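K.L.:
Got a structure here, written out as C-alpha cells. Questions coming.
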Amino acid sequence: QKEVEQDPGPLSVPEGAIVSLNCTYSNSAFQYFMWYRQYSRKGPELLMYTYSSGNKEDGRFTAQVDKSSKYISLFIRDSQPSDSATYLCAMSGVSSGYALNFGKGTSLLVTP
Amino acid sequence: DAGVTQSPTHLIKTRGQHVTLRCSPISGHKSVSWYQQVLGQGPQFIFQYYEKEERGRGNFPDRFSARQFPNYSSELNVNALLLGDSALYLCASSLGGAGNQPQHFGDGTRLSIL
C-alpha cells in the first residue's frame, strides 16, 4: 500500500461547477499537507499549504485536513477552463525527513 | 523574482551514458530537493540538500548522486543510464530544510533514454 492514495481520474466538470479532490494517507506522522497544480510539460505549482488539521481558504480554493481520518481535500469553487490540469496532493513530516510524499495526481478537465 | 530554474529543459541520452542536471534555487533559498516524475505518477523524492549537506535520500540506487554548491545551486548526476531512468527530473527549493518551509518547483528537465 502506498503511503498516499489519490484517484487519478480523469475528472470532467462543466465550467462553474464546484470541484472536490481528495487524498487519503496511511502515515499518521505527516504534519504538513500541500496541493500542487501541474500543467502539461510544467513543474508543480504550489496552491495550498497547511499544517495539521483544519481548513484554509485562498480565493476560489479551500483545503481541508482531517488527521483523525487521514483524509485531505481541495475544493475549487466556480471552476474555470484554466483550472484544467493535474492536481497533486503532497505531505511531509519528521518521519519522512520533510521530503514530500505525493499522490499520483488527479487529472481535471473543466469544459466551457 | 526568478523562480527555480533548471537546465537543460530536454535531454536525450543512450543507455550506459551519464548525465548532469542543474538547478538554481529561488534567491534566498538554502535548501534544494530533487524528485523524479515518471509519466502518470507523482514525483518521487531522490535527494535533499541544505547548506551544502545531504539531509535526506530516497530509495534510489547509488548511480544517482548530487551536490550543492556555496551559492546554493545544485547538480544531480546519474551514471550508467537505464531505459527506466527516462522521466521528468524536478528540482524544488525552500528557505530552510524543515517541513515548515514550502517547496517550490522548477519546470524540470525531461530526460529520454534511447
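Here, each number is a calculation from the coordinates, and none is a lab measurement. Being a predicted model, the structure only gives us computed values, none of them experimental. Please note: Cβ atoms are built from the backbone with ideal geometry, for glycine as well, and neighbour counts cover all protein chains shown.
K.L.:
Sequence-distant or interchain residues sharing an amide H contact under 5 Å with residue B:107, placed H: which?
P.N.:
Answer set, sorted by chain and number: A:43, B:6.
K.L.:
Between residue B:63 and residue A:7, what is the label-point separation in nm under the 7 Å Cα-to-beta-carbon projection?
P.N.:
3.7
K.L.:
While we're looking at this one, here's another question. What is the spin-label model distance, in nm, from residue B:83 to residue A:18 if the labels are put 7 Å beyond Cα along the C-beta direction?
P.N.:
The modelled label-to-label distance comes out at 4.8 nm.
K.L.:
Kindly write out, for the range A:46-56 in residue order, the coupling ³J(HN,Hα) from the Karplus curve 6.51 cos²θ - 1.76 cosθ + 1.60 (θ = phi - 60°), rounded to whole Hz, with x marking Gly and Pro.
P.N.:
Going residue by residue, I get 5, 9, 9, 9, 10, 10, 6, 7, x, 10, 9 Hz, with x marking Gly and Pro.
K.L.:
What are the ³J(HN,Hα) values, in whole Hz, obtained from phi via the Karplus relation 6.51 cos²θ - 1.76 cosθ + 1.60 with θ = phi - 60°, for each residue of the range A:100-109 in sequence order, with x given for Gly and Pro?
P.N.:
7, 10, 9, x, 6, x, 10, 7, 10, 10
K.L.:
Follow-up question, since we're still on this one. R0 = 22 Å: FRET efficiency of residue B:54 with residue A:69, Cβ-based, nearest 0.05?
P.N.:
Step by step, r from the Cβ atoms, then E = 0.05.
K.L.:
Separate question: Would you mind checking which residues have amide H under 5 Å from residue B:66's amide H? H placed 1.01 Å from N; only 5 or more apart, or other chain.
P.N.:
B:77
K.L.:
About its Cα centre, how strong a charge dipole does chain A have in debye, to the nearest 20, once Lys and Arg get +1 and Asp and Glu get -1 at the Cβ?
P.N.:
220
K.L.:
Go through A:34, A:52, B:72 and say which Cα lies farthest out towards the positive end of the charge dipole of the protein assembly as shown; charges sit on Cβ, +1 for Lys and Arg, -1 for Asp and Glu.
P.N.:
B:72
K.L.:
How do B:110, A:77 line up, fewest other C-beta atoms within 10 Å first?
P.N.:
A:77, B:110
K.L.:
Taking every residue in A:34-43, how many Cβ atoms of other protein chains lie within 10 Å of its Cβ, on average? Don't jump to the answer; show the numbers that get you there.
P.N.:
Details: counts 2, 0, 6, 0, 8, 1, 0, 6, 5, 15.
Mean number of neighbouring Cβ atoms from other chains: 4.
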